[in-house]
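Please read the structure below before turning to the comments.
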Amino acid sequence: MPRRAWTLIVALGALWGASYLFIKIGLRDHSPAMIVFARTALGALVLLPPALARGALRPLRGHVRFLVLLAAVQVAAPFVLITLGERSISSSLAGILVSTTPIFTALIAIQVDQEERVTGVGLAGVGVGIVGVGLVVGVDVAGSGLLGALAVVLASLGYAAGGLMMKKRMRGVPALGSAAATMVASAALLVPAAVASWPAHVPAAGPVLAVVALGVGGTGIAFVIFYALIADVGPTKASLVTYIAPGFAVVYGVSLLHERFTIAAGAGLVLIVGGSWLAAEGRLPARRYARAAADHPSG
């Protein structure tokens with residue numbers, strides 16, 4: 001890949017990895033519903049102008065009902081679950097557990113999508129990832145943290161289901177338009193809960209700035225970068241960011257919030273990210289490079 005693409009991938013990983021840090025800080029003075037409403041509303045404000053400029057919203061006219069459902073499954077519910085989960089687990093653990101999305105995609109695809117079904121090495125990757133989740137949850141989480149961890153894992157299930165739903169129903173529809181529309185729909189869905197949990201006092205500057213950064217940077221700008229990457233190098237290479245973001249989440253949580261990072265969490269991170277990679281790619285790295293060399297013998 002060109003150097004520009006790698007720069008964008010690292011920048012995107014840094015932004016998405018920081019989202020868990022911003023959520024943790026925002027929770028000091030805001031309810032989960034308020035954070036997610038602000039996040040999606042600000043993200044929509046960033047995504048709508050480029051979507052309108054490129055005419056990416058026009059093809060969505062016949063998909064309004066589906067987009068509302070997609071917003072609930074892939075955006076609103078996972079965002080709320082992750083934010084709820086971070087009330088009782090660290091931001092670094094949340095970043096690790098969210099990386100299970102490719103594992104859930106592989107499991108759901110066994111029943112609903114023949115193109116995405118995995119066998120052999122891919123199935124082994126699913127098993128490795130599940131062991132990693134068990135290690136993180138079983139060793140590093142206890143008490144109320146268990147429910148928080150399960151909420152984050154459930155959010156990953158929503159991401160996976162939403163991705164397969166989008167593939168099935170939104171072929172040929174510009175991804176930027178879909179992202180902008182689902183952000184708008186998600187914000188609308190969360191208005192009642194956000195109003196009901198409006199803070200009783202004026203929030204401190206830190207939590208307010210964290211929520212703004214989460215919406216503008218970790219949601220809006222991050223999606224713009226992601227779709228620029230897809231346009232430049234394709235969706236497969238762009239998805240490499242999935243395996244980079246958890247590392248940033250751990251670095252931010254440990255260095256800035258002084259979160260505890262144990263050997264079990266480190267081993268779980270390796271198993272989950274490695275298992276997710278195998279589940280998504282369906283082959284070992286060496287096989288991938290061997291195939292690339294066969295296709296391009298000149299190097």
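How large is the Kirkwood hydrodynamic radius of region 122-255, in angstrom, based on all distinct alpha carbon pairs? Could you put the intermediate results ahead of the total?
On the way: mean 1/r = 0.0551 Å⁻¹.
One over the average 1/r among Cα pairs gives 18.1 Å for region 122-255.
Across the chain, the relative contact order, built from alpha-carbon pairs under 8 Å that are at least six residues apart, equals 42 percent. Beyond 11 Å, the tail of the calculated P(r) for region 211-261 holds 73 percent of the Cα pairs.
Summing charges over neighbours of V46, with a neighbour being any other residue whose Cβ is under 15 Å away from its Cβ, gives +2 when K and R count +1 and D and E count -1. Within the chain, the percentage of alpha carbon pairs spaced more than 30 angstrom apart rounds to 30%.
FYI, it's all coordinate maths here, none of it is from the lab. As the structure is a prediction and not an experimental result, all values here were calculated from the model. Heads up, the Cβs are rebuilt from the backbone with ideal geometry, glycines too, and the neighbour counts pull from every protein chain shown.
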